[in-house]
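The values are calculated or read from the model by the stated rules, or taken from the named source; none is laboratory data. Given the structure is predicted, the values throughout are model-derived calculations rather than measurements. No Cβ is skipped: glycine too gets one built from the backbone with ideal geometry, and neighbour counts run over all protein chains shown. The area values use the complete protein model at the heavy-atom level, side chains included, leaving out ligands, DNA and RNA. Shrake-Rupley method; radii C 1.70, N 1.55, O 1.52, S 1.80 Å.
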Amino acid sequence: MADASQPRLARVEEAPAIARLIDAAYQPYRDQSIALPDVSGGVADAIGDGQAWVMDDLSGVLMLSTTPPTAHLMNVAVAAQARGRGLGGVLIRFALKLAQDAGCESIALATHVDMPDNVALYTHLGWQETERDESRVMMLRPLS
């Protein structure tokens, strides 16, 4: 039996609900007039590619590519009603383990320049800023 406290691979029929979860998670940033790209586009493709994991109750989602040598953390989102329960940490730790198990040497991500709390969080978790442009902060974390 699967461990309900750990993410599982998402199923294609869950794509609409997952897209809604992601859009809702990013809405507070849009409410602050932060111009974000399409954060929920490609959910069905990610599921089909085996790159999307969810908490069993769809309270959180992780989208991750694990092609060595560098994994790419594409998205982590937690439903509003589930915030403060540590699900983001569960999803990020799970991503790190998946990337290591896939033989990746590092894990990269991009976040928005107008989301300094995200940059601070990922820095605290071991990522280092590698590049920045007008809208994105690119970060990298070694896995060894």
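Just to be sure I understand the model, the point goes 7 Å from the Cα along the line to the Cβ. What's the resulting Ala120 to Asp133 distance in nm?
Going by the 7 Å Cα→Cβ label model, 2.7 nm.
Carbon and sulfur atoms: what percent of the 1.4 Å accessible area of the chain do they account for?
For the chain, the apolar C and S fraction of the accessible surface comes to 52 percent.
Which of rounded, prolate, oblate describes the range 40-138, given a ≥ b ≥ c as roots of the alpha-carbon gyration tensor eigenvalues and a/c under 1.5 marking rounded, otherwise prolate only if a/b is larger than b/c?
Rounded.
Using θ = phi - 60° and the Karplus curve 6.51 cos²θ - 1.76 cosθ + 1.60, what whole-Hz ³J(HN,Hα) does each residue of the range 112-126 get, with Gly and Pro shown as x?
8, 4, 8, 10, x, 5, 5, 4, 5, 4, 5, 4, 4, 8, x
On full extension of the chain, what length is gained from Gln32 through Thr67, given 0.36 nm per residue of separation minus the C-alpha to C-alpha distance?
So the chain would gain 9.2 nm between Gln32 and Thr67.
In sequence order, what are the phi-derived ³J(HN,Hα) couplings for the range 132-137 according to the Karplus relation 6.51 cos²θ - 1.76 cosθ + 1.60 with θ = phi - 60°, rounded to whole Hz, with x for glycine and proline?
Listing the rounded values in order: 8, 10, 5, 10, 10, 10 Hz.
Quick one: accessible surface of Asp117, probe radius 1.4 Å, all protein chains present, in square angstrom to the nearest 10.
Taking all protein chains as shown, Asp117 has close to 130 Å².
Would you compute, from DSSP H runs of 4+ residues alone, the mean residue ellipticity of the chain at 222 nm, taking -39500 (n - 2.57) per run and dividing by the full residue count, rounded to the nearest 500?
Calculated at 222 nm, the ellipticity per residue is -10000 deg cm²/dmol.
Could you give the dipole magnitude of the chain about its Cα centre, charging the beta-carbon of Lys and Arg +1 and that of Asp and Glu -1, in debye to the nearest 20?
Dipole about the Cα centre, nearest 20: 340 debye.
In whole Hz, what ³J(HN,Hα) sequence does the range 9-16 give by Karplus (6.51, -1.76, 1.60; θ = phi - 60°), x for Gly and Pro?
4, 6, 9, 4, 5, 8, 3, x
Taking Cα pairs under 8 Å and at least six residues apart, what relative contact order does the chain come out at, in percent?
Once normalised by length, the contact order is 20 percent.
Send over a whole-number figure in Å² for the accessible area per residue of the chain, probe 1.4 Å.
54 Å²
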